[in-house]
């Protein structure tokens with residue numbers, strides 16, 4: 001129950017970092033990177049619940065991000081919804097789809113589950129790319145302005161576009177982190193972690209394995225969907241790449257790199273993989289090689305991921 | 001546990017190294033890797049080569065050019081981030097890039113907000129129609145390719161055609177744009193077939209077209225391997241009506257894939273494809289042969305249409321900086337818009353406030369495949 005005592009500390013530190021970091025930002029570009037870290041961090045937090053807590057793999061979560069993103073692009077155009085409502089609609093849709101497909105595919109385990117979720121993700125990105133008359137196809141679709149920034153302006157809070165998205169996505173990440181940390185310590189969280197270690201043992205002690213797996217899957221789909229919506233609204237433009245296979249893999253990599261069972265690890269993994277490509281551009285041709293090397297070294301020397309390994313190291317010293 | 005977070009914050013704070021002392025900084029974000037690398041790779045190589053060349057010749061306005069180039073891997077989200085970085089962090093005076101329509105679309109919003117001139121390397125007509133104040137582009141559009149083909153058909157007395165189009169992004173877009181202007185040439189489509197991007201046999205669709213009474217020519221709008229298969233099936237079926245392909249397959253690889261059936265196929269292509277066939281008095285002769293020679297010597301690979309887009313973008317930009325007399329974004333933008341008679345690899349560019357592409361149909365040459373090689377068609 002170590003995490004329980006440090007739960008508020010984790011949230012506090014995260015909030016402090018989000019608040020203090022901008023004082024060192026020389027330009028709007030850094031706000032953009034920050035916002036991307038928060039958006040990715042949100043989706044990865046969802047995957048921590050699914051992969052880290054419940055022990056179920058998904059290689060198709062970008063599919064939910066795609067649903068969330070295209071809800072914000074298409075619902076305002078075809079249904080006349082406000083983008084904020086479109087975001088909620090996307091979330092509801094993702095949750096419903098996750099519930100529907102989760103029931104059959106969560107019976108699968110290991111590789112079979114990985115391939116089934118992979119198929120789902122590819123299916124979503126193919127529909128988005130092929131239904132060009134509705135979705136705009138591979139060339140993408142515009143997303144309307146959220147309008148919240150203008151609203152804040154009228155009450156005297158004057159933020160630049162980059163600053164607004166930094167703050168807005170930061171709030172979502174904090175809320176997502178808070179929820180995940182609470183879940184971790186709740187009876188449901190313990191049930192999830194029990195089935196992570198042994199499904200049979202969990203079932204023996206009376207955990208409704210099917211139901212908990214499904215809830216974790218739906219919850220992580222909601223996280224991914226919100227992250228997709230935020231990305232779409234922030235960029236005001238979306239292409240099927242958001243739902244693509246590569247994005248799914250990227251999210252899982254962030255989860256594992258940060259430490260699959262750790263909520264702050266989600267943010268660390270997202271931060272590392274979002275910033276590294278930007279920092280490594282100075283290396284030009286060796287960029288991808290070094291990125292791969294760093295990822296390999298982290299996994300070899302910190303097999304349980306950045307945050308759990310480093311915290312163990314720190315505790316060992318004190 | 002919080003150590004990692006602090007480290008992350010520290011890295012975030014430090015970010016990239018501070019920029020070097022500035023000459024005139026030009027930014028680029030192209031898709032050097034990823035699914036669009038066949039476009040982005042020659043573009044990036046061309047930009048680097050030309051910057052060296054221009055600097056060796058003394059630069060522009062007495063200053064050297066510094067190229068800041070990033071690889072967005074064809075991801076619109078990355079392209080947007082790099083465009084932000086180029087403007088905010090590297091403080092460039094103009095941006096070249098957006099190898100694909102998707103990446104271009106996401107860069108366009110960033111440059112509009114920051115008021116930085118941007119020259120796109122992507123094909124879609126939506127990039128310049130409606131005209132956006134800060135966005136220009138150098139590649140010709142699908143609509144122009146359609147127009148060139150229809151012009152040729154009309155001259156040959158063709159009024160009724162059959163169409164067969166790929167259902168991928170390129171095929172669908174070209175199909176749509178061809179249908180928008182086909183009426184202007186008094187041509188009608190009697191039969192309209194499609195195929196999937198991974199289909200391995202188009203015999204059924206071609207049999208339908210062959211069976212249709214009155215079809216005088218066949219037009220195939222497609223990209224990649226599809227048109228090569230269409231051409232081979234066309235040969236196997238012994239169809240006699242002339243076959244037109246699009247600019248999407250204007251490469252040597254198409255002739256090799258399609259085999260002997262490709263003889264007699266007509267398609268619109270750019271001057272660079274037939275550089276050795278250009279006459280000395282052709283307005284593009286000097287530019288095209290100089291670029292082709294330099295690129296092939298430098299990289300050892302054949303010059304492509306895509307590298308040509310990047311060539312035109314950079315030359316046009318440097319030319320405009322020279323005419324603007326100062327390296328300030330607003331002045332450069334105005335100078336680009338006032339470009340008249342600029343001869344590029346793709347065509348002769350005449351920009352205006354209502355035309356941010358500036359090419360006309362002379363940018364396309366009607367080509368015919370003869371004995372496994374390109375020839376100018378009549």
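Bear in mind that the values in this text are calculations on the coordinates, not laboratory data. Computed from a prediction, not measured in an experiment: that's the story for all the values here. Virtual Cβ from ideal backbone geometry, glycine too; neighbours counted across all protein chains shown.
Which of rounded, prolate or oblate describes segment A:1-61 when judged by the alpha-carbon gyration tensor and an a/c cut-off of 1.5?
Because a/c hits 1.5 or more and a/b fails to exceed b/c, segment A:1-61 counts as oblate.
Let me know the Kirkwood hydrodynamic radius for segment A:78-225, please, with Cα pairs as the basis and the value in Å to one decimal.
After inverting the pairwise mean of 1/r, the radius is 18.4 Å.
Label residue B:376 and residue B:151 with points 7 Å out from Cα along Cα→Cβ: what is the distance between them in nm?
Each label point is offset 7 Å from its Cα along the Cβ direction, giving 1.4 nm.
What angle do you read, to the nearest 10 degrees and between 0 and 90, between the alpha-carbon axis of helix B:285-299 and the longest principal axis of chain B?
70 degrees
Which log10 I(q)/I(0) values, to two decimals, does segment A:1-152 give at q = 0.10, 0.21 Å⁻¹ under the Debye formula with one point per Cα?
-0.50, -1.32
Normalise the Cα radius of gyration of segment B:143-269 by 2.2 N^0.38 Å (N = residues in it) and let me know the number.
Rounded to two decimals, the normalised Rg is 0.93.
Would you mind listing how long segment A:106-160 runs along its three principal axes, going by Cα atoms, in whole Å with the largest first?
Projected onto its principal axes, the Cα set of segment A:106-160 covers 54, 31, 16 Å.
Among A:99, A:165, A:178, which comes first, then next, by fewest other beta-carbon atoms within 10 Å?
Fewest-to-most Cβ neighbours within 10 Å comes out as A:99, A:178, A:165.
Looking only at Cα atoms, what is the convex hull volume of segment B:200-272 per residue, in Å³?
Working: hull volume 6.1 nm³, N = 73.
For segment B:200-272, the hull spanned by Cα atoms encloses 83 Å³ per residue.
Quick one: check the C-alpha center-to-center distance for segment B:327-378 versus segment A:84-116, whole angstrom.
Result: 49 Å between the Cα centres.
Starting from the alpha-carbon convex hull of chain B, give the projected area averaged over all orientations, in nm².
Quarter of the Cα hull surface area: 21.2 nm².
Could you please rank B:319, B:89, placing first whichever residue has the fewest other Cβ atoms within 10 Å of its Cβ?
Going from sparsest to densest Cβ surroundings: B:319, B:89.
When a footprinting reagent is the concern and you count Cβ atoms within 10 Å, what order do A:295, B:105, B:144, A:289 take, fewest first?
The fewest-first ordering by Cβ neighbours comes to A:289, A:295, B:144, B:105.
Find the Cα radius of gyration of segment B:52-171, compare it with 2.2 N^0.38 Å by division, and give the number to two decimals.
My calculation over the Cα atoms of segment B:52-171 gives 1.36.
Please figure out what share of the DSSP beta bridges in segment B:143-269 is antiparallel and state it in percent, rounded to the nearest 5.
Given both bridge residues lie in segment B:143-269, the antiparallel proportion sits at roughly 0 percent.
What's the center-to-center distance, using Cα atoms, between segment A:200-220 and segment B:266-280 in Å?
Measuring centre to centre over Cα atoms gives 66 Å.
Relative to the first principal axis of the alpha-carbon coordinates of chain B, what is the inclination of helix B:2-14, with its axis defined by its Cα atoms, in degrees from 0 to 90 and to the nearest 10?
Tilt of helix B:2-14: around 90 degrees.
Could you work out the mean count of beta carbons from other protein chains within 10 Å of each residue's beta carbon in A:258-268?
Average per residue, whole number: 2.
For all pairs of alpha-carbon atoms in segment B:220-342, what percent lies in each bin of width 10 Å, listed from the first bin to the last filled one?
That works out to 11, 30, 27, 20, 8, 2, 0, in percent per bin.
Tell me, rounded to the nearest percent, the portion of alpha carbon pairs in segment B:34-110 spaced more than 17 Å apart.
Cα-Cα pairs in segment B:34-110 separated by more than 17 Å: 48 percent.
Evaluate the Kirkwood expression for the hydrodynamic radius of the protein assembly as shown, namely the inverse of the mean inverse distance over all pairs of different C-alpha atoms, and round to one decimal in Å. Each step should come with its number before you reach the end.
Working: mean 1/r = 0.0369 Å⁻¹.
Averaging 1/r across every pair of different Cα atoms and inverting gives 27.1 Å.
Using alpha-carbon positions, what is the distance between the centroids of segment A:121-139 and segment B:77-143, in Å?
23 Å
Could you give the Stokes-Einstein D for segment B:27-78 in µm² per second, using the C-alpha Kirkwood radius, 37 °C, 0.692 mPa s?
This corresponds to a translational diffusion coefficient of 281 µm²/s.
Using a 10 Å cut-off on Cβ to Cβ distances, tally the other chain neighbours for every residue of A:231-241 and report the average as a whole number.
Going residue by residue through A:231-241 and averaging, the value is 5.
For the pair residue A:198 and residue A:300, how long in nm is the line joining their label points, each one 7 Å along Cα→Cβ?
3.4 nm
Set the Förster distance to 56 Å, then compute FRET efficiency between residue A:314 and residue B:55 from the Cβ-Cβ distance, nearest 0.05.
Plugging the Cβ-Cβ distance into 1/(1 + (r/R0)^6) gives 0.65.
How big is segment A:2-317 by the Kirkwood estimate over distinct Cα pairs, in Å?
Taking every pair of different Cα atoms in segment A:2-317, averaging 1/r and inverting gives 20.0 Å.
Rounding to the nearest 10 and keeping the result within 0 to 90°, find how far the Cα-based axis of helix B:305-324 lies from the longest principal axis of chain B.
Taking Cα atoms only, the helix is inclined about 50 degrees.
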